[in-house]
1. I'd like to verify a number: residues in the stretch 252-299 that are open to solvent by 30 Å² or more (accessible area, probe 1.4 Å), of a type in the set (Val, Ile, Thr) and not in a strand (DSSP E or B), how many?
2. Could you look through the stretch 308-343, keep only residues that are aliphatic (A, V, I, L, M) and under 19 Å from residue 163 (Cβ atoms), and pick out the one that is surrounded by the most Cβ atoms within 10 Å (Cβ to Cβ)?
3. If I go through the stretch 70-104 residue by residue, how many of them are open to solvent by 50 Å² or more (accessible area, probe 1.4 Å), assigned to a loop (DSSP other than H, G, I, E, B) and closer than 23 Å to residue 303 by Cβ?
4. Filter the stretch 326-381 for residues that are more than 29 Å from residue 440 (Cα to Cα) and assigned to a helix (DSSP H, G or I); which is modelled with the lowest pLDDT?
5. State which residue is farthest from residue 431 (Cα to Cα) when the search covers only the stretch 115-129 and only residues that are more than 20 Å from the chain's Cα centre (by Cα) and assigned to a helix (DSSP H, G or I).
6. Among the residues of the stretch 523-534 satisfying the criterion of being at pLDDT below 85, open to solvent by 20 Å² or more (accessible area, probe 1.4 Å) and assigned to a loop (DSSP other than H, G, I, E, B), which is nearest to residue 318 (Cα to Cα)?
7. For the stretch 167-226, what are the residues that are in contact with an Asp or Glu (Cβ under 8 Å, 6 or more places away or on another chain) and part of a loop (DSSP other than H, G, I, E, B)?
8. Please go through the stretch 500-522 and pick out each residue that is more than 21 Å from the chain's Cα centre (by Cα), modelled with pLDDT under 90 and open to solvent by 30 Å² or more (accessible area, probe 1.4 Å).
Amino acid sequence: DGATLRRWLQERLPDPMVPSAFVFLDTLPLSANGKIDRKSLPAPPLENNEPLAEGEAPRNAIEQLLSRLVGEVLGRDRVGVHEDLFTLGMDSILIMQVVVRARQAGVRLDPAQLFRYATIAALATVVDTITLAPEATHLPHPLDPAVLTSLLADERGIVDAYPLSPVQEGMLFHDRTAAPGSGVYIEQALCRLTGNLDVKAFESAWRLLVARHPALRTAIQWEETDTSLQVVVRDVDIEWTQFDWSGELPTEQQAKLDEFLRDDRAKGFVLSWAPLMRLALIRLSDEVTQLVWTVHHIVLDGWCLPLLLEEVLALYQNPLLDRSAPRPYRDYVAWLKTRDLSRAEAYWRRQLRGFSSPTPLGFEPLSRTAPETTGPAAAESELRLSKALSEALRNLARLHQLTLNTILQGGWSLLLNRYSGQSDVMFGVAVSGRPPELAGVETMIGMFINALPLRVFVDEDAELVAWLRAVQERQVAMREHEFSPLVQVQSWSDVARGQPLFESLLVFQNTPLDSSTLERAARLGVDGIRVLGQTNYPLTLTVIPGRVLTLSLGYDCARFDRTTSERILGHLATLLVEMVSGPERRIAELDLLPEHERSIVLSHQAGPPAEFADLLDGLYPDVDELSDEELDDFLERLRTEGED
């Protein structure tokens with residue numbers, strides 16, 4: 001049986017290589033040509049209520065606690081003590097949730113331990129139990145009492161005020177200096193609601209939600225005070241827009257929605273006026289309504305969106321729903337004031353020593369067409385990976401105890417390395433910014449997410465998996481300092497003042513909106529869920545996990561065009577294919593060019609040599625200087641020497 005087979009394998013294989021489930025068949029299904037028909041193979045039995053195999057049950061109180069906490073986070077009723085947590089779906093965000101819940105239960109864990117000891121049994125041997133000191137409901141108010149008293153007397157009905165977090169300060173600066181209508185830091189959450197929607201009850205649910213969460217009644221004030229502040233007002237009027245497009249064809253509806261989203265983004269917000277959000281309901285048919293929730297990123301991050309959507313749909317179903325209010329965001333701001341930045345400074349100085357200029361985005365010359373200067377300031381291209389590639393990437397992560405985030409970071413590092421010709425590359429990564437030691441942080445509503453530099457050394461002779469593990473270790477080490485303000489991190493680097501640390505940002509969107517949870521909350525069908533946003537970086541790669549991984553590349557239209565962005569995504573996808581097809585290979589052996597581009601480089605049959613310049617000058621910037629004869633010689637060397 002499966003339990004016997006599992007025990008036999010555990011004696012002979014490393015834990016990550018032991019399958020999490022076994023399926024017994026009398027025969028393997030075959031296709032017409034006699035090969036195994038993989039599509040006809042039955043799904044493995046991974047139901048949450050599957051009994052634990054012999055030897056997998058917790059054996060002591062610590063294992064029982066860890067098994068319960070991990071099960072809650074992973075959505076499983078049972079977690080065996082020898083099951084590999086990455087095989088079960090553990091990732092960096094879920095690790096943080098386990099750490100937070102463990103601390104609340106009196107067990108000290110840190111994220112690095114969960115990466116290093118990836119089973120309950122191994123974790124139980126290294127954790128420490130702690131005695132939690134009683135913590136005040138709220139931390140001390142980080143504002144001078146006289147200033148607070150003056151603000152509370154304001155005729156606008158201000159009920160609270162406190163400083164901005166460093167991340168918010170950076171956003172305020174960029175928002176004020178951005179071009180009007182640029183759409184920077186405007187987030188749009190979209191979903192389709194199917195069923196008989198009661199619009200009045202839905203609007204009422206949103207009013208209840210706004211009343212319960214101070215962040216949704218927050219404005220930013222900087223002109224009338226010595227320092228910038230966020231102020232919470234007592235009452236706000238939510239801006240609602242309603243359209244009826246039910247008489248339009250689906251193609252017309254999509255075109256009108258795209259136009260509405262562009263106009264809505266360009267509209268922006270007046271930061272000094274609450275609420276910094278608005279809603280639109282668009283009737284597409286008798287049974288389908290499109291929701292567009294637009295919010296300024298300065299008051300909410302992506303972690304908050306599913307929490308708030310689930311709550312508003314629950315309030316729609318039951319207006320008398322009684323939920324305890326999460327800890328207020330101002331407690332996080334007060335917590336920041338207690339941090340000693342000296343350890344963070346020492347860490348960042350070590351990490352950034354010797355890095356003096358941002359990694360060049362050397363792929364800009366890939367396109368010879370004029371940038372889209374007459375259109376929007378920013379745009380995005382999207383690539384959905386195949387089911388096979390998406391599953392292969394997940395398998396690569398499970399087998400080698402890596403996160404998908406790490407693999408995508410590795411792919412982006414290699415892309416920057418190949419484009420720039422530099423072995424020492426740096427790009428920004430979005431981090432949750434929620435400190436595990438702050439009780440209640442996982443349900444707090446506010447702006448926590450941070451962008452920090454990840455420096456990666458690309459060793460062409462390194463074996464891929466070993467190199468990816470080193471990338472992951474750097475990311476783990478960074479977690480202790482996620483609260484570090486980017487402005488200060490830059491000041492601790494060798495990059496000249498006025499230059500950015502990095503010009504590309506990778507966002508792994510591993511806080512997806514779960515449609516099944518939302519449907520249970522409201523008894524409505526919920527689908528078409530997505531979040532649209534824009535940063536102030538020239539390139540932003542957003543990875544959206546799911547059964548099929550989606551790569552979205554946002555780009556500055558003054559520097560890139562759609563053709564270039566789509567080619568960049570194609571090169572990244574090719575690198576990912578190379579990574580899963582040969583994880584034991586050296587990095588130097590991984591190819592960058594898709595098959596159709598490789599065939600152009602390696603053959604003259606596609607056209608005259610001059611046509612190859614568009615393709616090559618991003619990888620070989622000097623190719624523009626070659627004459628036709630020199631280019632012929634260059635291409636001949638490529639063919640004979642087998643170079644990329």
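1. So the first thing to find is which residues in the stretch 252-299 are open to solvent by 30 Å² or more (accessible area, probe 1.4 Å), and the list is 252, 254-256, 258-260, 262-263, 265-267, 269-270, 272-273, 283-288.
From what is left, the residues that are of a type in the set (Val, Ile, Thr) are 270, 288.
This time we only want the ones that are not in a strand (DSSP E or B), so: 270.
Of the residues in the stretch 252-299, 1 are open to solvent by 30 Å² or more (accessible area, probe 1.4 Å), of a type in the set (Val, Ile, Thr) and not in a strand (DSSP E or B).
2. Taking the stretch 308-343 first, the residues aliphatic (A, V, I, L, M) are 308-309, 312-315, 320-321, 325, 333-334, 336, 341.
This time we only want the ones that are under 19 Å from residue 163 (Cβ atoms), so: 333-334, 336, 341.
Details: 333: 21, 334: 19, 336: 19, 341: 15.
My answer is 333.
3. Residues of the stretch 70-104 that are open to solvent by 50 Å² or more (accessible area, probe 1.4 Å), as a first pass: 72, 77-78, 82, 101, 103-104.
Okay, now just the ones that are also assigned to a loop (DSSP other than H, G, I, E, B), so 77-78, 82.
Adding the requirement that they be closer than 23 Å to residue 303 by Cβ leaves none.
Adding up the residues that qualify gives 0.
4. Going through the stretch 326-381, the residues more than 29 Å from residue 440 (Cα to Cα) turn out to be 349-381.
Filter once more, keeping what is assigned to a helix (DSSP H, G or I): 349-352, 364-366.
Numbers: 349: 96, 350: 96, 351: 95, 352: 96, 364: 55, 365: 45, 366: 42.
That would be 366.
5. Of all residues in the stretch 115-129, those more than 20 Å from the chain's Cα centre (by Cα) come to 116-129.
Next, only the ones that are assigned to a helix (DSSP H, G or I) stay: 116, 120-124.
On the way: 116: 20, 120: 25, 121: 28, 122: 27, 123: 24, 124: 27 Å.
Checking each candidate, the answer is 121.
6. My answer is 523.
7. Result: 184, 185, 195, 196.
8. Keep residues of the stretch 500-522 that are more than 21 Å from the chain's Cα centre (by Cα), which gives 500, 519-522.
Subsequent filtering for residues that are modelled with pLDDT under 90 retains 519-522.
Answer for the stretch 500-522, where residues must be more than 21 Å from the chain's Cα centre (by Cα), modelled with pLDDT under 90 and open to solvent by 30 Å² or more (accessible area, probe 1.4 Å): 519, 520.
The values are calculated or read from the model by the stated rules, or taken from the named source; none is laboratory data. Predicted model, so just to flag it, every value in this text is computed and none were measured. We place every Cβ from the backbone using ideal geometry, glycine too, and count neighbours over all the protein chains shown. Keep in mind that these areas ignore ligands, DNA and RNA; they rest on the heavy atoms of the full protein, side chains included. Shrake-Rupley method; radii C 1.70, N 1.55, O 1.52, S 1.80 Å.
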